[in-house]
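Here the structure is laid out as structure tokens; the discussion comes afterwards.
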Amino acid sequence: MSRWNATCGVSLHAEIIGRKFRELGHDVVVYAPTLKSADTDWHHRHISVVDEPWVHRIFEETEEYLYPAGGSIRSEEILENDYDAFIVESVNRFPVNEFKRIASKIRKKAPLILVMHLGYIRDADPLMEINWDGIVVFDSRYVREILSIYGKRVEEKVVEIPYPCPILDDVKPARPKSLKGGFLFLTFGRQPMWEYLDYVRALRRLSERYDFKYLIIRSDHELPFRDGWIVQRCERPEIKMVHRYLRGSDIHLLPKGDTRAVVVSSTLTQTIYSGTPTVVPDTRHFELIPVDEDGFGPIVKYRIGDTHDLERKLSTLIEDGDLRRRISKAAREYAKKYSDDFVARKFLDLIKSLGA
């Protein structure tokens, strides 16, 4: 039960795991929100694909200011079906109060599992009133900073399973014809304009010394930057096309704003296997990814807001092809450690351990 086929980390996690389940020979049914209700969230936009026939959009998301009240669920469609496990991907617009009405009936059929995407206690509170059989977290921070407050009743149900990295091998590089040749930076996604500022300001200085282009792919509208070396396109590519763009580029610039929430970057996990060196700010999204004292490892970290630190690192990456290749190798090794196949099997182990 999750968002699906959308520009959202909750949706992406469900898609990676659900499709891998099917690849491994299991049946999957997805109960997803209506697009009308989900698209009122800034983070949610439907990508350019048609929903699979086993995806049923049967619930309405609520609004953050109403959560956990509001929204609706066509519960009869859930309760009339049989399943061996029922997985809920959490989001702070999920119609929790409506789901409480059917949670115990679902548990009579199969284990009920929560995937913890929520980064603040305030959003976790309503969901912790439900008697889950298992609670999946991506790393220990979710327990230490959020779930520990609910005591042993909740903690004993927690299983740590990392966010999966899709392993895509049969992917050909793609680059717009107008950008053939030359050094290319790439950003894709739908981040707020101010999250791009570090990159644009650092690149403005670098443009005085280097010849390059910066391709920005966004799902909605173009940003207001009009520098000659910036090229913008409005697209919502599915994951394979994202990898094609990445493999046709030299450096991936990943914008993120600072936050105190417990959070991981789904943008990074879905792209790191491409091998294109990824540059990120040192926010909480990436704090568990190891880098050396200079900020280099499977990714490259710079001090958020420090465009001089960023400029130095981008200059080094432009000039040092060997360094880019080492980062690419480390990135792929990191992705393999947390591959979609590995993570899906961890979920299956959990389901089996719960008696399914």
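The values are calculated or read from the model by the stated rules, or taken from the named source; none is laboratory data. The structure presented is a predicted model; accordingly, all values stated were derived computationally and were not measured. Neighbour counts run over all protein chains shown; Cβ positions are idealised from the backbone, glycine included. With ligands, DNA and RNA removed, areas are computed over all heavy atoms of the protein, side chains included. Shrake-Rupley method; radii C 1.70, N 1.55, O 1.52, S 1.80 Å.
Points worth noting:
- Among the numbered conditions (1) within 27 Å of VAL158 (Cα to Cα); (2) modelled with pLDDT under 95, the only one that VAL50 does not meet is (1).
- The requirement of being in a helix (DSSP H, G or I), open to solvent by 50 Å² or more (accessible area, probe 1.4 Å) and without any contact (Cβ under 8 Å) to a residue 40 or more places away in the chain is not satisfied by ARG226.
- Residue list for the stretch 298-331, restricted to those being exposed (fewer than 15 other Cβ atoms within 10 Å of the Cβ) and touching a helix residue (DSSP H, G or I) at 6+ places or on another chain (Cβ under 6 Å): ARG303
- Of the helices (runs of 4 or more DSSP H) entirely within the stretch 1-106, those holding at least 1 residues that are under 29 Å from SER353 (Cβ atoms) and among the basic types (Lys, Arg) occupy 9-23.
- Scanning the stretch 145-162 for residues that are out of contact with any strand residue (DSSP E or B) (no Cβ under 7 Å at 6 or more places or on another chain) and either acidic (Asp, Glu) or within 21 Å of SER266 (Cβ to Cβ) (or both) yields GLU145, ILE146, GLU155, GLU156, PRO162.
- When ARG236 is tested against the conditions (1) among the charged types (D, E, K, R); (2) under 16 Å from the mean Cα position of the chain (by Cα); (3) outside any loop (DSSP other than H, G, I, E, B), the lone failure is (3).
- When ILE239 is tested against the conditions (1) closer than 26 Å to GLU287 by Cβ; (2) surrounded by fewer than 22 Cβ atoms within 10 Å (Cβ to Cβ); (3) at pLDDT 95 or above; (4) not small (Gly, Ala, Ser), the lone failure is (3).
- The stretch 131-160: number of residues that are more than 16 Å from ARG284 (Cα to Cα), open to solvent by less than 10 Å² (accessible area, probe 1.4 Å) and either touching a residue at least 40 places away in the same chain (Cβ under 8 Å) or part of a loop (DSSP other than H, G, I, E, B) (or both): 3
- Filter pass, ASP198 being out of contact with any helix residue (DSSP H, G or I) (no Cβ under 6 Å at 6 or more places or on another chain) and among the acidic types (Asp, Glu): no
- Total residues in the stretch 15-42, condition more than 22 Å from GLU77 (Cα to Cα), touching a Lys or Arg at 6+ places or on another chain (Cβ under 9 Å) and either at pLDDT 95 or above or not hydroxyl-bearing (Ser, Thr, Tyr) (or both): 5
- SER328 part of a helix (DSSP H, G or I), more than 25 Å from VAL10 (Cα to Cα) and not aromatic (Phe, Trp, Tyr): yes
- Any chance ASN92 is surrounded by fewer than 20 Cβ atoms within 10 Å (Cβ to Cβ) and either out of contact with any strand residue (DSSP E or B) (no Cβ under 8 Å at 6 or more places or on another chain) or modelled with pLDDT under 95 (or both): no
- Residues within the stretch 264-284 that are under 25 Å from ASP341 (Cα atoms) and either open to solvent by less than 30 Å² (accessible area, probe 1.4 Å) or over 17 Å from the mean Cα position of the chain (by Cα) (or both), tallied: 14
- Taken over the stretch 176-205, the criterion of being in a loop (DSSP other than H, G, I, E, B), more than 20 Å from the chain's Cα centre (by Cα) and over 19 Å from ASP227 (Cβ atoms) is satisfied by LYS180, GLY181.
- Residues of the stretch 35-87 satisfying the condition of being hydroxyl-bearing (Ser, Thr, Tyr), over 21 Å from CYS234 (Cβ atoms) and in contact (Cβ under 8 Å) with a residue 12 or more places away in the chain: SER37, THR62, TYR67, SER72, SER75, TYR83
- GLY9 vs. criteria in contact (Cβ under 8 Å) with a residue 40 or more places away in the chain, open to solvent by less than 40 Å² (accessible area, probe 1.4 Å) and under 15 Å from the mean Cα position of the chain (by Cα): yes
- Restricted to the stretch 56-85, and to residues there that are closer than 20 Å to PRO111 by Cβ and β-branched (Val, Ile, Thr), the residue that is least open to solvent (accessible area, probe 1.4 Å) is ILE78.
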